[in-house]
Amino acid sequence: MKGNWQQQLCPRALGALAMSYPDKEMSSNLTKRLHALPASIVHDVMRAQGLGQMVLPPTIRPIAPGSKLTGPAFTVSGRAVQDYDAHETLLAWTAMLSRVPAGHVLVMQPNDNSVAHMGELSAEALTLRGVLGAIIDGGCRDVDRINAVGLPVFCRYFTPLDVVGRWLPVAFGEPVTIGDWTIATCDFVVADTDGICIVPREHAAATAAAGEAAMSAENLVRTAILAGVDPETAYRRHGKF
């Protein structure tokens, strides 16, 4: 099947291609602050703030043990195709890689359960462009070589099947739904071995501040327990466990 992949992008998606976090200094500062927090702490403070349990499905796992990934999202969605022109699919794929802004995390909903949506050359390209990592509700290949590159990648499965003739991106910068949650471009992600939290952009600063306070309280509890204080007493004293 032949076709122009650009004609398949909706007008709103075409208008969102250059979208990124509007204040780069603020984005970088929030990324650093949130990166210092475990996903578990971020979950706890968001629950306390009444934001709900904005956690992606536990089937999306880091491909390298101990990976940590934090930053504002740049969202991409796509769809499976059959017998599509190989050249067109590769044009679409490389164009997608070129549109992920530096200082962001690629967050992809491929709407596909068959092919790999990240590989070694793609990881190299994203790394050189200053992209922080990728979270994909789909597959990955070249896993060992991606880990050698050092790009943090979270995905659901591994497969040698590539996108050629089988998959196309259809929207950039548009909200995507993964599991129970919708992620918008410029929402923040905090991902580690425990899982992936989504922090709405408008709540990122408050979540970072609350997380820092929670970490301080948890350190006091840890110090007390290591000094022999009873766990209940430590909890009553510091209000954290």
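Table for the structure above
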{"read-out": "Boolean, M96 is surrounded by fewer than 24 Cβ atoms within 10 Å (Cβ to Cβ), at negative phi and not in a strand (DSSP E or B)", "value": "yes"}
{"read-out": "Selection status of D194, within 14 Å of T75 (Cβ to Cβ), acidic (D, E) and out of contact with any Leu (no Cβ under 9 Å at 6 or more places or on another chain)", "value": "no"}
{"read-out": "Candidates A171, A204, A234 - the one that is farther than 19 Å from Q109 by Cα and either modelled with pLDDT under 95 or not in a helix (DSSP H, G or I) (or both)", "value": "A234"}
{"read-out": "Scan of region 42-54 for residues that are surrounded by fewer than 21 Cβ atoms within 10 Å (Cβ to Cβ) and of a type in the set (A, V, I, L, M), ordered by number", "value": "A48, L51"}
{"read-out": "Residue within region 73-87 that is closer than 23 Å to A213 by Cβ and crowded, with 17+ Cβ neighbours inside 10 Å present", "value": "no"}
{"read-out": "Any hit, region 84-91, residues being of a type in the set (G, A, S), outside any loop (DSSP other than H, G, I, E, B), on the phi > 0 side of the Ramachandran plot and touching a residue at least 40 places away in the same chain (Cβ under 8 Å)", "value": "no"}
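The values are calculated or read from the model by the stated rules, or taken from the named source; none is laboratory data. Predicted, not measured: the structure shown is a model, and the values here were computed from it. Positions of Cβ are generated from backbone atoms using ideal geometry, with glycine treated the same way; all protein chains shown enter the neighbour counts.
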